[in-house]
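Below: one structure, written as structure tokens.
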Amino acid sequence: MNMIVPLSSLAPGERGVVVNLHGGPSFRSRLYAMGLAPSAIIQVIGRYSRGPIIVEVGGTRLAIGKGMAARISVRKL
């Protein structure tokens, strides 16, 4: 099933491949610097009702705000 969804909709333990980053040059540049680029495999480690979503990309854990996560499209694996 190749569903493309926002990163913010993945549950803990789910994985996806980054498809697109919806934002301006500074937004994209910031995400590229963190290793979040198209074709990167990302896994949600934790998400809480308040606070950021914890993800793992390339062996590194990152905290991403929910607004930012909503602008990252991923294809569910």
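Every number here is computed from the coordinates shown, using simple stated rules; none is lab data. Computed from a predicted model, the values in this text were never measured in an experiment. Here the Cβ is made from the backbone with ideal geometry for all residues, glycine too, and neighbour counts use every protein chain on show.
Results, tabulated for the structure shown:
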read-out: The range 4-76, relative contact order [Cα under 8 Å, separation at least 6], %; value: 45
read-out: Coordinate range along principal axes, alpha carbons of the chain, Å, largest first; value: 30, 29, 22
read-out: Summed side-chain charge close to I41 - residues other than I41 whose Cβ falls under 12 Å, Lys, Arg +1, Asp, Glu -1; value: +1
